[in-house]
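Before any comments, here is the structure.
Please treat every number below as a calculation from the coordinates, not as lab data. What you see is a predicted model, and the numbers here were worked out from it, not measured in a lab. Using ideal geometry, Cβ is built from the backbone for each residue, glycine included, and neighbour counts are taken over all protein chains shown.
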């Protein structure tokens with residue numbers, strides 16, 4: 001487990017990537033329900049699996065660096081407040 005601290009910019013980029021992959025997961029899931037052919041359905045399903053894997057990897061990367069902890073909400077809220085304060089100072 002690598003606990004190397006991220007720079008503020010790297011933190012922002014990685015967080016943005018996490019949010020974008022989550023949005024992609026939602027979009028692919030919706031697209032699967034509207035697929036008009038088995039080929040399109042299969043394509044979207046494969047892309048959904050890739051997006052889920054990517055999201056897991058990004059989340060793990062951030063969790064290993066102590067940025068996100070989905071299992072400790074009070075601590076995560078304090079971190080989020082700290083991150084927001086730091087962003088306002090940039």
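Structural remarks
- Being in contact (Cβ under 8 Å) with a residue 60 or more places away in the chain, assigned to a loop (DSSP other than H, G, I, E, B), out of contact with any strand residue (DSSP E or B) (no Cβ under 7 Å at 6 or more places or on another chain) and surrounded by 12 or more Cβ atoms within 10 Å (Cβ to Cβ) is a condition met by no residue of segment 23-38.
- Meets criteria (within 20 Å of residue 8 (Cβ to Cβ), outside any loop (DSSP other than H, G, I, E, B) and under 19 Å from the mean Cα position of the chain (by Cα)) for residue 62: yes
- When segment 9-21 is filtered for residues that are in contact with a helix residue (DSSP H, G or I) (Cβ under 6 Å, 6 or more places away or on another chain) and surrounded by fewer than 16 Cβ atoms within 10 Å (Cβ to Cβ), nothing remains.
- Residue in segment 41-56 that is surrounded by fewer than 16 Cβ atoms within 10 Å (Cβ to Cβ) and closer than 30 Å to residue 90 by Cα present: yes
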